[in-house]
Amino acid sequence: MLVTGVVEIVLIAGPGIVLLYGGDRLPRRDIHPEFYPDVTRWCLGGLGVMLAILVFYSLQPGEVVDDPSTVLILTGLAGVAGFAAGVHNAHAKTRERELQKTVEQLRASNERLEQFAYAVSHDLQEPLRMVSSYLQLIDRRYADDLDEDGREFIDFAVDGADRMRAMVASLLRYSRITTQGQSLEPTDAQAVLEDVLEDLQLRIEETDATIETDDFPTVTADADQLSQVFQNLISNALKYSGNDPPRVHVDAERTGDAWRFSVRDEGIGIDPEYHDRVFDIFERLQSEEAGGEQGAGGIGLALCERIVERHGGDIWVDSEPGEGATFSFTIPAADRRDS
């Protein structure tokens, strides 16, 4: 009897001790104080559920819970269970809150970086234009006074300034993708592609290229930015075709709630080692198969990646050296089923 009494005392007092200790340790846990009331509600909820069960049980014919110690033990254990569930729930909410705060901080940081990139690239254009203009003026005015080396040095300087201006202009376009993009709305991808091919018609004729296309669908997109993606990918396919006339195939395939577009060429290809790097801004790769010709890279593919990400899609490349490249990207379908 003594042992039974001690066990009952422990079972009755144990849950209370656990709750008191847990409540005292709560401020030391990684839980925001805002969620302390949630822990209390879960604890009380556990007690309430157990009491409701006991009452329901007692109402059954021939069933009566008349032992106070049993009631105290069961409700105490229910309170501990509710407390544990409340702590877990509060901890999860705290992590979610911190994650949301981190996301907001990253969003604000990205916005500041975009504004900085825009300001820098915008403000650098005029000084670079002046440098290039004055170098050309020196070349014209003092050409007779310069020897061959002097004229060559000026040509190098003018070329460097022009390339810098082009890079700054590209950086400016890159910074505007999110801040100055148009709204995403149902867009006829077929019409967008036809406009791109019309703009590239001269290059297509000059390179004697063959462009094969499928019928394209309607997607949810910014038409101008979708046009930039097609233009960059097709231009790369024409540029890095090797010694043979370019052969390019552009197709589309439905994949769930999105369309996957692919631009496939039979050009110089890209080593798998560099498949991720080609999308880095201002990254250029050398192709040994093309005699040192620069492969895909620079700002064009970085712009494509940024645009596709803004649309909620992905972009990637499948390629082997000398076997051409296939650039694929996904864009949400206009009739997708939003979850």
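Worth pointing out:
- Cα pair distances in the stretch 186-332, grouped into 5 Å bins until the bin that holds the longest one, percent each: 2, 10, 21, 24, 20, 15, 6, 2, 0
- Residue-by-residue Karplus 3J(HN,Hα) for the stretch 83-91, coefficients 6.51, -1.76, 1.60, Hz, glycine and proline x: 4, 4, 5, x, 4, 4, 5, 5, 5
- Sequentially through the stretch 211-223, phi angles give Karplus couplings (6.51, -1.76, 1.60; θ = phi - 60°) of 10, 10, 9, 9, 6, 9, x, 9, 10, 8, 7, 8, 4 Hz, Gly and Pro residues having no value and appearing as x.
- Working from label points 7 Å from Cα in the Cα-to-Cβ sense, the residue 243 to residue 98 distance is 6.1 nm.
- Packing rank of 314-321, 183-190, where each peptide gets the mean count of other beta carbons within 10 Å, highest leading: 314-321, 183-190
- Förster radius 51 Å - calculated FRET efficiency between residue 151 and residue 105, Cβ distance, rounded to 0.05: 0.45
- Residue 30-residue 88 pseudo-label distance in nm [points 7 Å out on the Cα-to-Cβ vector]: 1.7
- Note on residue 271 and residue 253: the extension gain reaches 3.9 nm, defined as 0.36 nm multiplied by sequence separation minus the Cα-Cα distance.
- Less than 5 angstrom separates the built amide H of residue 207 from none of the residues sequence-distant by 5 or more or on a different chain.
- Derived scalar couplings between HN and Hα for the stretch 184-199 equal 7, 8, x, 10, 6, 5, 5, 5, 4, 5, 4, 5, 5, 5, 5, 5 Hz in order, rounded to whole Hz, by the Karplus curve 6.51 cos²θ - 1.76 cosθ + 1.60 (θ = phi - 60°), x for Gly and Pro.
- Two-site FRET efficiency, residue 190 against residue 320, from Cβ-Cβ distance with R₀ of 35 Å, rounded to 0.05: 0.70
- Annotation for the stretch 200-230 versus the stretch 123-138: alpha-carbon center distance of 34 Å.
- Per-pair calculated FRET efficiency, R0 = 45 Å: residue 44 and residue 281 via Cβ, rounded to 0.05: 0.20
- Packing rank of 250-258, 202-210, where each peptide gets the mean count of other beta carbons within 10 Å, highest leading: 250-258, 202-210
- Of the two radii for the stretch 128-197, the radius of gyration is 1.30 times the Kirkwood radius, both from the alpha carbons; that is the Rg over Rh value.
No value in this document is a laboratory result; all are computed from the given coordinates. Because the structure is predicted, anything quoted here is derived from the model rather than measured. Using ideal geometry, Cβ is built from the backbone for each residue, glycine included, and neighbour counts are taken over all protein chains shown.
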